[in-house]
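Q: Let me give you the structure first, and then I'll get to my questions.
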Amino acid sequence: MTLETAVADRAQYEELLRQFSAFGAVKRELGRSLPEGCSPASATVLALLSRYGDIRMGRLAELLSVDMSVISRQAAHMAAQGWIDRSPDPADRRSRILRLTAAGWAQLDELSDRTTRLLADRLSGWTDDEVGALIRLMARLRTSFGGACEPAGLAARSAHLPAAVRPCLPQHHTDQGS
């Protein structure tokens with residue numbers, strides 16, 4: 001690699017870093033589209049529950065790479081909202097299993113509707129091919145980082161969840177019988 005190539009590569013990567021920083025504004029606007037009382041963290045937990053079904057709090061903490069105290073606070077908030085039920089784990093009565101309620105499924109539908117409308121509005125000038133290219137390139141970028149922004153196993157799933165709900169998680173399935 002020549003010095004000129006190295007300098008050109010560096011400038012390109014520096015611009016990419018600037019774009020990543022500026023993307024924070026996009027994420028903030030998507031976050032503002034969330035319903036009252038639903039934080040991005042709550043939306044992410046709802047999305048994981050929709051994907052995995054009933055889940056132990058410890059497993060949820062692992063998937064999100066956070067401390068159990070974080071999950072405990074989040075679960076308490078979500079239970080108070082009526083979005084989840086917490087029940088004792090039959091295998092370990094000290095642990096709790098989280099389950100989406102009908103209100104939780106309704107909240108997920110609302111999240112999906114709001115973020116889909118916002119994205120459709122903001123990307124209305126884009127062609128389907130451009131949106132598809134963005135999706136492919138973002139997925140390729142995540143893969144280049146070894147799925148570092150995804151809980152183990154989620155990269156292989158193909159469904160999509162609105163960006164405000166989770167930058168790196170798939171959408172809940174429509175079968176609400178789980």
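The values are calculated or read from the model by the stated rules, or taken from the named source; none is laboratory data. Since the model is a prediction, treat every value here as computed from it, not as a measurement. Neighbour counts are summed over all protein chains in view; Cβ atoms, including those assigned to glycine, are modelled from backbone coordinates with ideal geometry. When the accessible area is computed, the model is the full protein with side chains, heavy atoms only, and any ligands, DNA or RNA have been set aside. Shrake-Rupley method; radii C 1.70, N 1.55, O 1.52, S 1.80 Å.
Q: Net charge near residue 118: determine it from the other residues with C-beta under 14 Å of the C-beta of residue 118, scoring Lys and Arg +1 and Asp and Glu -1.
A: +2
Q: Sticking with this one: Residue separation times 0.36 nm, minus the C-alpha to C-alpha distance between residue 121 and residue 15: what's the value?
A: Going from the current span to full extension adds 35.5 nm.
Q: Can you list the GluC sites (Glu not before Pro) in region 1-61 that are in a DSSP coil and have 11 or fewer other beta carbons within 10 angstrom?
A: Answer in residue order: 36.
Q: Another question about this same structure. Please list, in order along region 36-52, the HN-Hα scalar couplings obtained from phi with the Karplus expression 6.51 cos²θ - 1.76 cosθ + 1.60 (θ = phi - 60°), rounded to whole Hz, x for Gly and Pro.
A: Running phi through 6.51 cos²θ - 1.76 cosθ + 1.60 with θ = phi - 60° gives 3, x, 10, 7, x, 5, 4, 4, 5, 5, 4, 4, 5, 5, 5, 6, 9 Hz.
Q: Round to a whole number: what % of the accessible area of region 83-124 belongs to carbon and sulfur, probe 1.4 Å?
A: 48 percent
Q: Around residue 68, what is the net charge, scoring Lys/Arg as +1 and Asp/Glu as -1 over all other residues with Cβ under 14 Å from its Cβ?
A: Result for the neighbourhood of residue 68: +2.
Q: What is the spin-label model distance, in nm, from residue 29 to residue 106 if the labels are put 7 Å beyond Cα along the C-beta direction?
A: 3.0 nm
Q: May I ask you to give the percent of accessible area on region 1-71 that is carbon plus sulfur, with a probe radius of 1.4 Å?
A: So the carbon and sulfur contribution to the accessible surface is 58 percent.
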